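Reading through the structure tokens given below for one structure.
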Amino acid sequence: MPEPKAPQTIAAANGIATDPAYRAVTPPIYLSSTFAFEGFEKGGRYDYSRSANPTRDLLADTIAKLEGGVGAVITASGMAAVDLILAGLEAEDWVIAPHDCYGGTYRLLAARAAKRQFNLAVVDFADQQALAAAFAREPALIWVETPSNPLMRIVDIRAVSARARSIDAKVAVDNTFLSPALQQPLALGADFVVHSTTKYLNGHSDMVGGAVIAADKDDLQILIDWSNIAGLGGAPFDSYLTLRGIRSLFPRIERQQKTAGAIASFLQDHRFVQRVHYPGLRSHPNHDLARDQQRGFGAMLSFELAGGRREIARFVESVQVFTLAESLGGVESLVAHPATMTHVSMGAEARQAAGISDSLLRLSIGLEAEDDLLLDLDRALMAVAH
């Protein structure tokens, strides 16, 4: 039988009915920390789960196929995945990162740079002059986050990757917001793709994990080696949960982004909303680019509420279907206030430079009924006015 090619089939069926012991349809979980040798100097494929584990390897194989990579490394968290890519840098290397990236990534990059493990240039990727100056330093790594968290800005992956190749730099793209269901950065020229598997890939807010997918075998081997050296690998049970979540990735994303589009349109026309950030809106400055390099616009959006922190507090305390919480990508709808939650570690000055205001709210759209979510938002917005 030919290898499945359609990504929907890979997500639903990769590894199904391959159990060699009992012909279980669902792949079993291998929780063992260690594996028996056949005899003296006769080790098998697996010896110790820090180095490799069958459940984790099946998840890696599935994600790599979905992203079109040569392989993947599964890590204990999304931040561990980011750090794994940084492990290969030298002290004299430069890293270019976006000024509006996820707060945890910003914090990690700044902390590693402060330890002089590499040099860091934080740049507005929309500022071509600033970007050109950063590239003139001949960086070793360009970090891309598209759509950005939380302002949903879009970066041209093809253009950045072509520019990076001209100076022999590597490009890593955080694809957490869209997942391989909607975007495949490797096909656009990137060298690495990073995921917080906690989010859309798992989709049920019941585990924490990460993944790095590589386009090149030599790059992949470096990732594998460093993951083993530093003990960054994800747990087998978390890998099982993520694989279970991936089975429903495509129908989840399809439904969630449909609802997100309706909510973005609703918010755009609401008198208590100043601005909506969602690439699916024609008013979004990167709408055409998003339509070109993505297969959909995703289920994340943010908006700026009319008013200040008092109005923000009133809004988040008034929602009933949305839950005030960090994270994203689950079946439940969440609202977050980046300035005091996901991006608080950036500091006020860096947030201001990135355009993350105190009036900004981020929404992760789940699988609840569209009408219930719209009613919940309308009710909370009306509460702000009173």
* Across the range 318-350, what is the total count of residues that are farther than 20 Å from Glu370 by Cβ, in contact (Cβ under 8 Å) with a residue 60 or more places away in the chain and not β-branched (Val, Ile, Thr)? -> 7
* Structure fact -> Restricting attention to the range 67-104, the residues that are in a helix (DSSP H, G or I), surrounded by fewer than 23 Cβ atoms within 10 Å (Cβ to Cβ) and at pLDDT 95 or above number exactly 3
* Answer with yes or no whether Ala52 is out of contact with any helix residue (DSSP H, G or I) (no Cβ under 9 Å at 6 or more places or on another chain), not charged (D, E, K, R) and not in a helix (DSSP H, G or I). => no
* To do: Using the structure shown, decide if Arg23 is out of contact with any Phe, Trp or Tyr (no Cβ under 9 Å at 6 or more places or on another chain) and of a type in the set (Lys, Arg).
  => yes
* Asked: Gly71: within 23 Å of the chain's Cα centre (by Cα), under 19 Å from Thr197 (Cα atoms) and not hydrophobic (A, V, I, L, M, F, W, C), yes or no?
  -> yes
* Can Ala134 be described as in a helix (DSSP H, G or I), among the small types (Gly, Ala, Ser) and in contact with a strand residue (DSSP E or B) (Cβ under 6 Å, 6 or more places away or on another chain)? -> yes
* Asked: For the range 118-163, which residues satisfy the criterion of being over 16 Å from the mean Cα position of the chain (by Cα) and of a type in the set (Phe, Trp, Tyr)?
  -> Phe118, Phe125, Phe135
* To do: Working only within the range 223-233, note down all residues that are of a type in the set (A, V, I, L, M, F, W, C) and part of a loop (DSSP other than H, G, I, E, B).
  => Leu232
* **Residues of the range 320-366 that turn out to be among the hydroxyl-bearing types (Ser, Thr, Tyr) and either out of contact with any Lys or Arg (no Cβ under 9 Å at 6 or more places or on another chain) or surrounded by 23 or more Cβ atoms within 10 Å (Cβ to Cβ) (or both), as a count** => 3
* To do: Please specify each residue of the range 365-386 satisfying the condition of being part of a loop (DSSP other than H, G, I, E, B) and not acidic (Asp, Glu).
  => Ile365, Gly366, Leu367, Ala369, Ala385, His386
* Among the numbered conditions (1) more than 20 Å from the chain's Cα centre (by Cα); (2) outside the structural domain of Thr340 (by TED's automatic domain parsing); (3) crowded, with 18+ Cβ neighbours inside 10 Å, tell me where Leu305 comes up short. => (2)
* To do: Please find, among Lys65, Lys42, the residue that is more than 30 Å from Arg112 (Cα to Cα), touching a residue at least 12 places away in the same chain (Cβ under 8 Å), assigned by TED's automatic domain parsing to the domain that holds Gly104 and among the charged types (D, E, K, R).
  => Lys65
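The values are calculated or read from the model by the stated rules, or taken from the named source; none is laboratory data. What you see is a predicted model; the values in this text were computed from it and never measured. Please note: Cβ atoms are built from the backbone with ideal geometry, for glycine as well, and neighbour counts cover all protein chains shown.
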